[in-house]
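No lab work stands behind these numbers, since they all come straight from the coordinates. These numbers come from a predicted model, not from an experiment. Cβ placement follows ideal geometry from the backbone for every residue including glycine, while neighbour counts extend to all protein chains displayed.
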Amino acid sequence: MTASQTLSYWLDTAPRFTGAAAGPVEGRVDVAVIGGGFTGLSAALALAKRGASVTVLEAGRVAGEASGRNGGQCNSGTAHDFAALAARFGVETARRFYQAHVDAVDDVERLTREEGIDCAFRRCGRLKLAAKPEHYDKLARAAEALTGIDPHIHLLSRTDLATEIRSDAFHGGLLQTTSAQLHVGKFGVGLAEAAVRKGAIIHEGAPVYGLNRHADGGWELRTPKGNIRAGQVLVATGGASPVGPFGWFRRRIVSVGSFVIATEPLTDAAVADLFPGRRNYVTSKNIGNYFRLSPDNRLIFGGRARFAVSDPLSDAKSGRILDSTLRAMFPALKDVRVDYCWGGMVDLTADRLPRAGEHDGMFYAMGYSGHGTQMAVYMGERMARVMGGDRSANPWADLSWPPVPGHLGKPWFLPLVGLYYRIQDILH
């Protein structure tokens, strides 16, 4: 496999953001937001709407990291089995966590409508596919646990799948019908443009390498483009800041590579035959796959093909694994060309629940663990409310966040984690 493009399909086919500030980073603002992904942009938009002066400091380009490098799925529901959440936290807290993910998809749709963002948002539903017969039994138990929690859940037998997807690799599925998909590159640019229209200032190419708190409670942030004073700071970088004054967060976030390929556009006949449901799809293995069709009928096919960080060599190796998996899953696509191959980093917490709150005077939201497309947007707005004094707006406020043992920022243990999950996939 040799892809002609190593940039994310979403970033390659989105317009460039042209509203970035041209001048130096300087002055004083109410809030400095560190990170120009969905969390930071959503927060900046919400804060600016409330009349705050806001500056976003983005190390690279707007939505250029995880926000623009994912699978383009915007799914309701958590990464956890609801029964397991309820056993750990109680039914009411588990319900609140689940509902936050449902509300997050609604927030993305509302923003696209209110701000006129042309990003092909579509309610398509998410279909979780049982990769083994025993996985179908697990999906059946999950559906039962969600009775009375989510009325949009439907269990599909292997026979039922014929109207949704054509592949002999699966043994049934669990359909959640309110999940959505969107062009994340266009959404990121649209979100940035909306924030600027409301008065926010966005600097690209402005990594924060120094951060000092002053006696008056305010902050000074240092960047290569200059320094700025701020009354409040929101850290919205996730694990994407290998340098700078964010060591406390790096010890609590494990960043793992997630890799994606995109085919050439499929014919209408191939789409109708293979993917009549045009859903978001995710498989049930620990080291599984996620896929969907793009607006121009490319198959966007991704997964944690290797437990490694994303870099050009790792992306290429992972792309070859994904290419082989895709063709085995869908033999009818054995001759399809792969046009794009890219990677990105997914920020995981140890329990795969998001974290948000305040540490040492800095506000933060991160660790979305594969659900960032919707949860980042949701938490950006929520943290804007928290910073305005509404502490109840944060659904994750009561979660403790200890450091990952032995983790100082570089995930040296990823190969061991990958081996563990591969064994689990073989045994279960």
Quiz item: Who wins for biggest fluctuation among G60, G239, G185 in a Gaussian network model of the chain, springs between alpha carbons below 10 Å?
Solution: G60
Exercise. Would you kindly state how much longer the chain becomes between D296 and H407 on full extension, computed as 0.36 nm times their sequence separation minus their alpha carbon distance, in nm to one decimal?
Key: 35.8 nm
Quiz item: Once the principal axes of the Cα atoms of the range 317-360 are found, what is the range along each, listed largest first in whole angstroms?
Solution: 55, 19, 15
Exercise. Give the span of the range 1-154's Cα atoms along each principal axis, as three whole-Å numbers ordered largest to smallest.
Key: 58, 46, 27
Quiz item: Do the sum for the chain: with -39,500 (n - 2.57) for every DSSP H run of n ≥ 4, divided by all residues, what is the mean residue ellipticity at 222 nm, to the nearest 500 deg cm²/dmol?
Solution: -10000 deg cm²/dmol
Exercise. Work out Dmax and Rg for the chain from the C-alpha atoms and quote the Rg first, both in angstrom.
Key: 21.0, 67
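With viscosity set to 1.567 mPa s and temperature to 4 °C, compute the Stokes-Einstein D of the range 186-323, Rh being the Kirkwood radius across alpha carbon pairs; µm²/s, no decimals.
For these conditions, the coefficient is 69 µm²/s.
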Practice problem: With label points built 7 Å along Cα→Cβ from the Cα atoms of I321 and E144, find their separation and express it in nm. | Solution: 3.4 nm
Exercise. For the range 198-214 and the range 261-338, write down the distance between their C-alpha centroids in whole Å.
Key: 37 Å
Quiz item: Considering only DSSP beta bridges whose two residues both sit in the chain, what percent are antiparallel, to the nearest 5?
Solution: 70 percent
Quiz item: Of T263, T147, T325, which has the largest mean-square fluctuation in a 10 Å C-alpha GNM of the chain?
Solution: T147
Practice problem: Would you grab the residues whose amide H sits under 5 Å from the one on S255? Only those 5+ places off in sequence or on another chain, please, with H modelled 1.01 Å from N. | Solution: L348
Exercise. Pop a pseudo-label 7 angstrom from the Cα along the beta-carbon direction at both R28 and A215 and give the gap in nm to one decimal.
Key: 1.5 nm
Self-check item: Under 15 Å, Cβ to Cβ, from D107 - net charge with Lys/Arg +1 and Asp/Glu -1
Solution: 0
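Under the 0.36 nm per residue contour assumption, what length would be gained going from the current alpha-carbon distance of E92 and S167 to full extension?
Working: separation 75, 0.36 × 75 = 27.00 nm, distance 3.81 nm.
Length gained, E92 through S167: 23.2 nm.
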Quiz prompt | Order of E109, E26, E92 - criterion: other Cβ atoms within 10 Å of each residue's Cβ, fewest first | solution = E92, E26, E109
Practice problem: Could you count how many Lys pairs in the range 9-420 have their Cα atoms under 29 Å apart, skipping same-chain pairs fewer than 8 positions apart? | Solution: 22
Quiz prompt | Ascending count of other beta-carbon atoms within 10 Å, so fewest first, for H171, H154 | solution = H154, H171
Quiz item: Of the residues G257, G277, G210, which exhibits the maximal mean-square fluctuation in a Gaussian network model of the chain defined by a 10 Å Cα contact cut-off?
Solution: G210
Exercise. For each of K186, K410, K132, count neighbouring Cβ atoms within 10 Å of the residue's Cβ, then give the residues from fewest to most.
Key: K410, K132, K186
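What does the net charge come to around T267 if you take all other residues with beta carbon closer than 14 Å to its beta carbon, with K and R at +1 and D and E at -1?
-3
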Exercise. Using Cα centres only, tell me the gap between the range 65-106 and the range 149-167 in whole Å.
Key: 20 Å
Self-check item: P(r) of the range 112-259 over all Cα-Cα pairs, binned every 10 Å from zero, in whole percent
Solution: 9, 21, 23, 22, 16, 7, 0
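Tally Lys/Arg at +1 and Asp/Glu at -1 over every other residue whose Cβ is under 10 Å from the Cβ of P276; what's the total? Intermediate results must be reported in sequence, preceding the final value.
On the way: positive: R166, R278, R279; negative: E164, D273.
Surrounding charge for P276 is +1.
Kirkwood hydrodynamic radius for the range 46-135: how many Å is it when counted over pairs of different Cα atoms?
On the way: mean 1/r = 0.0606 Å⁻¹.
Computed over Cα pairs of the range 46-135, the Kirkwood hydrodynamic radius comes out at 16.5 Å.
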Practice problem: Place a label point 7 angstrom from the Cα of D103 along the Cα-to-Cβ direction, then list the residues of the range 23-51 whose backbone nitrogen is under 20 Å away. | Solution: 38-50
